[in-house]
Structure formats: structure tokens, C-alpha cells
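One structure is given below, encoded as C-alpha cells.
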Amino acid sequence: MSLLIAAVSIPALAQSTEQEYLERYNRLTKNVGNAGVGVETLINRWEEAFPEDENMLAAAFLFYYEKCQSDNTVSMGTSTYLGQKPILQLKDSLGNDVYYYYDTQYDDELFGKAQQYIDKVNQKAPLKLENRCAAITALANYEKGSPDMALSRIKELVAFNYGSKPAWTYEDQAVDNEMFKALVQEYCYSFFKLATPSGYEAFRSISEDMLKYNADDVLFLDNLGSYHLVGKNDPKAAQKFYDKVLKIKKDDLTAIRNGVILSRKMKNVKLEKKYLALLAQYAEDEPTKQSSQARLDYLNGKK
């Protein structure tokens, strides 16, 4: 999710003095980064001169958001952590596996300042969707496996989008419904990858909200199938969503592949044959088609 942080827009302004600050900032950060030596001093002077300058507010957000982070290594007794694979695996004195992961810690005070600045940016330019995403992404990264505040912001964004139909832009590009759905799905996918109870619930909640406004959208129906299959380990409930998807889009490979998985979980050979036949027909690559047909032939008693 952190890739969206870089999308905060800092457009040039017409007033020359503000423009000079912006140009100095861009030159400096090009060499030292968003929170390098001298950046804070420049931003403080910029803010003193032009406290309402949108460029300055965005720059201050980037400074405090980067400044509030510190990278650490943490040890866990589990083989996954927030969707990550371990960077190292060792044994403790009792022979138990210990897994090590990269982890980012956040200074609460500095993070709070970052959020104050990005909230001001969004107040001044409420239709720049990249800045809304920057605020949400920062919250999601900060909350890690329990994205409660980020979830609330996304739900508000979805309701506002479909209720008010704002003329969003994203880096000066007009945002249509397909682009908006793609951005929301990025968050859904990120929450699903966390593999935590709160992450799965956020994944479900956003998908359900999107379906209120995009009835029968296979993307978010697939999400609900995955929620039940993976998050709740309930293949029978998942099947209802995947079968609904296949009635709408008969070649939807997410539903077909996960149908094979859930049928095996249920040890339902008849059901597995159904999905294998679809996979053999609609798979995008020849090896998958051939392996699916071979498995189907085996289950049908063919040699």
C-alpha cells in the first residue's frame, strides 16, 4: 500500500514567492529525500511565510510521515507476519522455530502531525483522490494488522463517491468508476494479504459496500467468496459467491480456480469435476488446461 504515498501531488502555484519555495524544496528533496538534512528548516520557513499553501502542507506531510518511521526486526513464533515471509528462520534453545521479519515502528506524535497536514491538504483540495489515498494508506500502514481507522476512511470515501458523484482527479487524470473500483480493490487486496481477523473483516466490509453501488460486480463477489474460503474457512459459503460469479461471467478464472480448491476442501469429487471442466476450457495457458484435463480424466476413471 505504501506506493500510494508517493502520489501526493505538489503542483506548482502561480505566485512567484510560493513558487520559489516549491522549487527550492524540489531541488533539495531530489538530493536528500523527503526528510533529509535541511528539509525541516525549509518547510518551517515556508509555513511561516505561507501557512495555507497546499504545496507546503503536502511537503510537511511527506516530511513527518517519513520522519515518524523506523525500521526494526521482530521475532515471531509463526511462519507468516502481516502477509510477509520471514527474512530468517532459526531455532531457539528448546528447538522451536523462530521467524524474523522486517517491521516498521511509528512515532505516534510525528505520525499525528503527518495526518494533520494531509487532512489540511484534503480540505483545500477535496477532489484530488491521490491525496485522499495518501491519508488512508498512511493510516493503514500505521495500524498494521488492525486497520480500523483506515477502514472507516475508505467506507466514508466509498459512500461519498457514490452518494455525491464528485469529479475526482488522480494526478490530474479524471477518475471514472472503473478506476475508482481499481483503487478500492488495491486496499481490499492489501487487507486480505494481512491475513489477520481485522484484515479479513475490512476486506469483507469494503467489498460489501462496493456491491451496494455495483450490484453483481464479479470483482467484489469474488472477494466475498475468498473471505469465506480463506478468512472463515467455510468452503460451502464461498461456493455460493463463486457460483453467482460464474452465472454472470462463465469464464471468471478466480471463481473457477477457487472452486477447485473449495471442492477439494469439501472432498466433493463431483464438484471438483465441475470446476476442473471449466478450468480446462477457460484457462489462459495451455499447461493449466492440460493438467486440469488430466486430473478430470483421472477422476472420471480414464487412463
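Values quoted throughout were computed directly from the atomic coordinates according to the rules given, and no laboratory measurement underlies them. Since the structure is predicted, the reported quantities are computational estimates derived from the model, not experimental observations. Here the Cβ positions follow ideal geometry from the backbone for every residue, glycine too, while neighbour counts run over all protein chains shown.
What percent of all Cα-Cα pairs in segment 203-273 falls in each 10 Å bin, counting up from 0? Result returned by the calculation: 23, 54, 20, 2.
Look at the alpha carbon pairs under 8 Å that are at least 6 residues apart: their mean separation over the length of the chain gives a relative contact order of 12 percent.
Separation of segment 214-239 from segment 155-185 is 23 Å, based on Cα centroids.
If the Kirkwood radius is taken over C-alpha pairs of segment 54-143, then at 10 °C and 1.306 mPa s the Stokes-Einstein diffusion coefficient equals 106 µm²/s. Computed over segment 101-184, the range of Cα coordinates on each principal axis works out to 38, 26, 21 Å, biggest value leading. This ranking places TYR25, TYR99 by how few other beta-carbon atoms lie within 10 Å of each, fewest first, which gives TYR99, TYR25.
Counting every other Cβ atom within 10 Å of each residue's Cβ, THR196, THR169 order from fewest to most as THR169, THR196.
Over all directions, the projected convex hull of the C-alpha atoms in the chain averages 20.8 nm² in area. Partner lysines whose Cα lies under 24 Å from the Cα of LYS247, excluding those fewer than 8 positions away in the same chain, are identified as LYS181, LYS212, LYS232, LYS236, LYS265, LYS267, LYS270, LYS273, LYS274, LYS289.
In a reduced charge model with +1 at each Lys and Arg Cβ and -1 at each Asp and Glu Cβ, the chain shows a dipole moment near 2080 debye about its Cα centre. Over the C-alpha atoms of segment 250-289, the Rg to Rh ratio, Rh being the Kirkwood estimate, stands at 0.96. Taking Cα atoms only, the orientation of helix 177-194 departs from the longest principal axis of the chain by about 80 degrees.
Measuring between their Cα centroids, segment 259-273 and segment 13-56 lie 59 Å from each other.
Select from ALA202, LEU57, GLN115 the residue farthest towards the positive end of the dipole of the chain; place +1 on Cβ of Lys and Arg, -1 on Cβ of Asp and Glu, and compute about the Cα centre. Looking along the dipole axis, the top candidate is ALA202.
Residue order for PHE191, PHE180, PHE50, PHE220, fewest other beta carbons within 10 angstrom first, comes to PHE50, PHE180, PHE220, PHE191.
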